[in-house]
Amino acid sequence: MDKKLFIAAIAKFAAGFILVGLLLFVPAGTLGWWQGWLFMGILFVPMFIAGFVMMAKAPDLLRKRLSADEDESEQKTVQALSALMFIAAFVVAGLGFRFGWISLPDWASWAGAVVFLAAYALYAEVMRENAYLSRTVEVQEGQHVVDTGLYGIVRHPMYSTTLLLFLSIPIVLGSPFSFVIMLVYLPIIAKRIRNEEQVLADGLEGYREYMSRVKWRLVPHVW
């Protein structure tokens, strides 16, 4: 086991757990918010398990997933907007619980959790199919076009699954106001995809031909 990678992964996991917990429970004013704990559970338990699996079977992929330093200025803007979106959605959900704003019924939170976990499973499948997945937009050494499995249906299945993940989060938290905030992800991800496709079309052999074969970017017959 790569000790340095293990320490980096644990540190990032712990930092993420603490940060999300603070963004949810400080605005909520209490630790007794069951939807907050439900979300923490379905987010971090699978993440912890997936991290150990990647550590054992795909350490290079884990290393790439831990790196988030973008070279593209446009993608740095996308990252900043995404961070602001998450902060706003979490804080608003917590405040909504604290002050008794309009909330979704309990069954919606459980249904959202099911959707979130299903999307998580699809995300894992995308990572299994594509060893070149990175959190940054780049063309890697030795990279080739992946067009099997979900990549034969849409060009960006990772973003399709994150769309399901992100839009289910405010439902799990029971916050319709946070759901409205999360809709900002649609133009954000559209901006990222357009830039990413330009980078890949210019630098990855065969990608333009792949784009002509697989018409849909995110959702079949929609976009």
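Out of curiosity, is P157 at pLDDT 90 or above, more than 25 Å from A8 (Cβ to Cβ) and under 16 Å from the mean Cα position of the chain (by Cα)? Here the answer is yes, as P157 does meet what is asked. Before we move on, is I49 of a type outside the set (G, A, S) and free of Cβ contacts under 8 Å to residues at least 60 places away in the same chain? Against the criterion (of a type outside the set (G, A, S) and free of Cβ contacts under 8 Å to residues at least 60 places away in the same chain), I49 qualifies. Inside segment 170-193, can you point out the residues that are among the hydrophobic types (A, V, I, L, M, F, W, C), within 18 Å of V78 (Cβ to Cβ) and buried (at least 16 other Cβ atoms within 10 Å of the Cβ)? Scanning segment 170-193 gives I181, M182, V184, I188, I189, I193. For segment 102-111, the criterion of being farther than 10 Å from A28 by Cα, in contact with a Lys or Arg (Cβ under 9 Å, 6 or more places away or on another chain) and outside any loop (DSSP other than H, G, I, E, B) is satisfied by no residue at all. Residues in segment 176-209 that are outside any helix (DSSP H, G or I), under 30 Å from S109 (Cα atoms) and either in contact with a Ser or Thr (Cβ under 8 Å, 6 or more places away or on another chain) or in contact (Cβ under 8 Å) with a residue 40 or more places away in the chain (or both): V184 alone.
Can you say whether L204 is over 17 Å from the mean Cα position of the chain (by Cα) and crowded, with 20+ Cβ neighbours inside 10 Å, as far as the supplied structure shows? Against the criterion (over 17 Å from the mean Cα position of the chain (by Cα) and crowded, with 20+ Cβ neighbours inside 10 Å), L204 does not qualify.
Every condition in (1) exposed (fewer than 15 other Cβ atoms within 10 Å of the Cβ); (2) at pLDDT below 90 is met by E196 except one, and the failing one is (1). Residues in segment 210-219 that are touching a residue at least 24 places away in the same chain (Cβ under 8 Å) and either acidic (D, E) or outside any loop (DSSP other than H, G, I, E, B) (or both): Y210, M211, R213.
The condition of being at pLDDT 95 or above, more than 27 Å from R208 (Cβ to Cβ) and of a type in the set (G, A, S) holds for only one of A80, A108, that being A108. Within segment 38-55, does at least one residue satisfy the condition of being at pLDDT below 90, within 28 Å of V114 (Cβ to Cβ), part of a helix (DSSP H, G or I) and of a type in the set (V, I, T)? Checking segment 38-55: at least one residue is at pLDDT below 90, within 28 Å of V114 (Cβ to Cβ), part of a helix (DSSP H, G or I) and of a type in the set (V, I, T).
Scanning segment 93-123 for residues that are within 20 Å of L23 (Cβ to Cβ) and among the small types (G, A, S) turns up A93, G94, G96, G100, S103, S109, G112, A113. Just to be sure before I move on: is V26 under 30 Å from L104 (Cβ atoms) and touching a residue at least 60 places away in the same chain (Cβ under 8 Å) in the structure I sent? Against the criterion (under 30 Å from L104 (Cβ atoms) and touching a residue at least 60 places away in the same chain (Cβ under 8 Å)), V26 qualifies.
Scanning segment 19-54 for residues that are surrounded by fewer than 18 Cβ atoms within 10 Å (Cβ to Cβ) and among the aliphatic types (A, V, I, L, M) yields L19, V20, L22, V26, L31, M40, V45, M47, I49, A50, V53.
The values are calculated or read from the model by the stated rules, or taken from the named source; none is laboratory data. Model, not experiment: these values are computed from the prediction. Glycine gets a Cβ as well: all are built from the backbone with ideal geometry, and neighbour counts include every protein chain shown.
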